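These notes concern the structure reproduced below.
Read-outs: derived from the displayed coordinates by stated rules, not from any lab. Computed from a predicted structure; not experimentally measured. Backbone-built Cβ (ideal geometry, glycine too); neighbour counts: all protein chains shown.
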Amino acid sequence: MDDIDRAILRELQNDGRVPYADLGPKVGLSPSAARQRLQRLIDAKVVQVVGVTDPMAMGHQAMALLGIRVDGDPRAVADELARHGEVVYSVLTSGSFDLFAEVVCRRPADVLDFVNDVVRAVDGVVGIENFPYFGIHTHRFLWDLG
């Protein structure tokens, strides 16, 4: 990744819908060269261009972070949980928990059902702590690109 790639990513962080006709000149390229550069970054999985939604605004009134303790390989548990749409991200970690999973559901009762009926049933799960969210305070997608 070079300075032009980083400039493209900075522009996308400011406005993910910037037209190539505007993006190219902002980073010192033609619009078609900017499109090719961005496509290369997408193909390399350096960046994804997506629409980010607010779960609360979309009718999902219950969110929680699950701290999960695992006996065995936490990657297998993460793979199994990733099959469920309620899980919006998961991370492998160390310390008191082996895995964190963020879940988004329509109602608080749905979080309870998901934890009891799905997560507890996954082979290797030996403990769960549920940390419900009362709201999203900070939700940032800007990274220092150097």
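Name the shape class, rounded, prolate or oblate, that the alpha-carbon gyration tensor gives for the stretch 3-43, where a ≥ b ≥ c are the square roots of its eigenvalues, rounded holds for a/c under 1.5, and otherwise prolate holds if a/b is larger than b/c and oblate otherwise.
Since a/c stays below 1.5, the shape of the stretch 3-43 is classed as rounded.
Anything in the chain that counts as a DSSP H helix reaching 24 Å or more along its axis (C-alpha) with Kyte-Doolittle mean of at least 0.5? List them, would you?
Flagged H segments: there are none.
Could you give the radius of gyration (one decimal) and Dmax (whole number) of the Cα atoms in the stretch 62-132, in Å?
Values for the stretch 62-132 (Cα only, Rg and Dmax): 10.8, 31 Å.
Binned at 5 Å from 0, what are the whole-percent values of the Cα-Cα distance distribution for the stretch 32-91, short to long?
Spelled out bin by bin, the stretch 32-91 gives 4, 13, 15, 15, 15, 14, 13, 8, 3, 1, 0 percent.
Given a cut-off of under 8 Å on Cα pairs at least six residues apart, what relative contact order in percent is computed for the stretch 1-107?
21
Tell me the net charge near L65. Cut-off is 15 Å between Cβ atoms, L65 excluded, with +1 for each Lys or Arg and -1 for each Asp or Glu.
Details: positive: R69; negative: E86, D98, E102, E129.
Charge balance near L65 sits at -3.
Can you give me the C-alpha center-to-center distance between the stretch 5-29 and the stretch 114-143, rounded to a whole angstrom?
That distance is 35 Å.
Looking at the chain, which longest stretch skips every one of the trypsin sites (Lys or Arg not before Pro) that is in a DSSP loop with at most 11 other Cβ atoms within 10 Å, leaving the sites themselves out? Write down the numbers at each step before the final one.
Details: sites that count: R17, K45, R83, R140.
It works out to 84-139.
Rounded to the nearest 20 debye, what is the charge dipole size of the chain about its Cα centre when +1 sits on each Lys and Arg Cβ and -1 on each Asp and Glu Cβ?
Using Cβ point charges on Lys, Arg, Asp and Glu, the chain gives about 520 debye.
How big is Rg to Rh over the chain, alpha-carbon atoms, Rh as the Kirkwood inverse-mean-distance radius? Can you show the working numbers first?
Working: Rg = 19.4 Å, Rh = 17.7 Å.
Here Rg/Rh amounts to 1.09.
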